[in-house]
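See below for the structure under consideration.
Each reported figure results from applying straightforward, stated rules to the coordinates on display, with no laboratory input. These numbers were taken from a predicted model, which means no experiment stands behind them. Cβ placement follows ideal geometry from the backbone for every residue including glycine, while neighbour counts extend to all protein chains displayed.
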Amino acid sequence: DGHITTITLNRSEKHNAFCSDMIAQLTHIYEKVNTNKKTRAVVLKANGKHFSAGADLEGFPKPEDPDARAAADAGRRMAEAIENMNAIAIARIHGWCVGGGLVVAAACDLRVASSDARFSIPEVDLGIPLAWGGIPRLVREIGPALTKELVITCREFSAEEAGRSSFLNHVV
């Protein structure tokens with residue numbers, strides 16, 4: 001729409017969890033948008049009740065599988081494609097923003113969330129690493145102490161706390 005491109009996560013039946021195909025499609029879209037000189041801002045939003053439940057664990061290899069590294073690398077490339085865009089990337093968050101969804105939001109330049117948004121980094125409880133370059137992105141946005149706490153404890157946090165920690169630019 002003019003200088004603004006809107007990308008909508010549309011797997012609401014899976015709470016917009018990222019599967020391999022979705023990651024490949026989004027990486028391609030972000031790279032393509034980056035070649036469009038007209039686009040000045042990209043808004044990433046989601047259909048359904050939640051922004052994203054993170055990685056679709058049913059659609060990814062287990063950590064011990066030989067393909068696990070390639071799957072994690074694909075997520076990292078997607079997040080880098082967001083960060084490397086010339087346009088400003090804005091995450092529009094509502095409902096749950098979990099794990100990989102939080103990493104994708106962290107890759108955006110700006111983050112706006114509804115006041116009922118909830119955040120979580122459950123990877124340690126699930127016995128999997130926080131991949132896709134999540135740790136450095138979170139350290140950059142909220143600092144090392146809070147990043148360690150959230151990753152180690154896997155505790156939920158509110159939009160209000162995310163705003164206070166400077167992860168969010170605005171809570172609406």
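Below are the figures for this structure:
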quantity: With at most 14 neighbouring Cβ atoms within 10 Å, loop trypsin sites (Lys or Arg not before Pro) (DSSP) excluded, longest segment of the chain; calculated: 50-154
quantity: Rounded if a/c under 1.5, otherwise prolate or oblate - region 23-85, Cα gyration tensor axes; calculated: oblate
quantity: Straight-distance crosslink candidates among lysines, where the alpha carbon sits under 18 Å from residue 14 and sequence neighbours closer than 8 are dropped; calculated: 45, 49
quantity: Globularity ratio of the chain, using Cα Rg and 2.2 N^0.38 Å; calculated: 0.96
quantity: Radius of gyration and maximum dimension Dmax of region 82-172, Cα, Å; calculated: 12.1, 36
quantity: DSSP-defined antiparallel bridges as percent of all bridges, the chain, nearest 5; calculated: 10
quantity: Prolate/oblate/rounded call for region 64-118, Cα gyration tensor, a/c under 1.5 rounded; calculated: oblate
